[in-house]
1. How would you order 55-67, 122-134 from highest to lowest mean count of nearby Cβ atoms within 10 Å?
2. How much length would be gained if the chain were fully extended between C112 and Q157, taking 0.36 nm per residue of separation minus their Cα-Cα distance, in nm to one decimal?
3. Give me the number: length gained by fully extending K19 to S309, i.e. 0.36 nm times residue separation minus the C-alpha to C-alpha distance, one decimal in nm.
4. For I9 and Q58 in one chain, what is 0.36 nm times their gap in residues minus the Cα-Cα distance, to one decimal in nm?
5. Using a simple spin-label model with points 7 Å from Cα along the Cα→Cβ vector, what separation in nm is obtained for W176 and E101?
Amino acid sequence: MDPGGLELISFGGQGQIYKWEHQGKHYVIKAVLNDESVFRRLNQMRESIERLAKGLGQRIPEGILKRAFPVGRGWVDNPEELGFDKSDQMTVIVYNWIDGEPLDSYLYSQLCSEPPLSSVRVKLAKQVLELLAFLEKAGIANYDMFPDNFVVDPLGQVYIIDMEGAGLFDPNTRTWVWTPVALGKNFPGYCKPPEFDAVDEDLKVFSYRWIGASLVFHILFGVSPFAFMQRIDLKALLELYDYADKGAIAWPPYGAEKAQYVNPRLDPAKFRTLIRSSCGVGSRGVCPLEMLAFLTFISGFDKPAHRPSFEFARLILSEVLAL
């Protein structure tokens, strides 16, 4: 592979990311410090997904299959040509290329005029939840579910594009086969789960559900106390301070204890009314208290074990929003 034929896209958390054209097709190339465990982790996750699909008699969702796992691998003979030290041992991971737009920019460029809970937003959120539910059933816990780790193609299909840091969890033994790389770390721009301040590592098992719910919530409403990860601007900060002044969130934005909980399992009609009534209220069409309540899906979400699975969250949204 000629380094001159690589187009640098970005600097990832573990290395550099390039676009590569080969025999008329485009691929994503990740050059990372040599670590065989990355491939073992991804292979075991792929095997878990394949077993699940076979057991369910279903196909693996295209949004997972096409981009989440490598299609090739290699190594870097001359790392200095890519800006690394000559002594660095570099591994190359090859993925399929997806023509599309990162979800973070898509939410603002394509959906900025869409009102909260519009049919377009609901359809997009449904896709994301279906992907997350499938991964969770396979025992995969992804703590890196930020909008820039998803791509939306021109037809509106959503793809997960970064799984190297995900964990593989055994629900029978309640132990990690592969511990998530991001487990226990802070997430810039997204409200961190309250248990991240605790000492007990086991409390963090269901933290990925908080992060996934935050993502779905962001898609459905188009605004979030956590959106400043991609919007470090005056308008975003003023919104956050406005929410804090109203007592809806704290600064830094926790605020979960101030949400008015409604349990959709016990009172779906009241929950539906709450969500519908939240539209048209507030500076951007949504009342922060109702937004935080919606994020929870069930009461008591501050307790990790009480957070619903992504499959249950999908069913709840199907009931409330008539998907």
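Any read-out appearing in this document is the output of simple, stated calculations on the displayed coordinates, not a laboratory observation. Only a predicted model underlies this, so the values are computations on that prediction, with no experimental measurement involved. A quick note on method: Cβ atoms are made from the backbone with ideal geometry, for glycine too, and the neighbour counts reach across all protein chains shown.
1. Highest to lowest by the protection proxy: 122-134, 55-67.
2. Difference between extended and current length: 14.4 nm.
3. Stretched out fully, the K19 to S309 stretch lengthens by 100.9 nm.
4. Here the answer is 14.2 nm.
5. 3.6 nm
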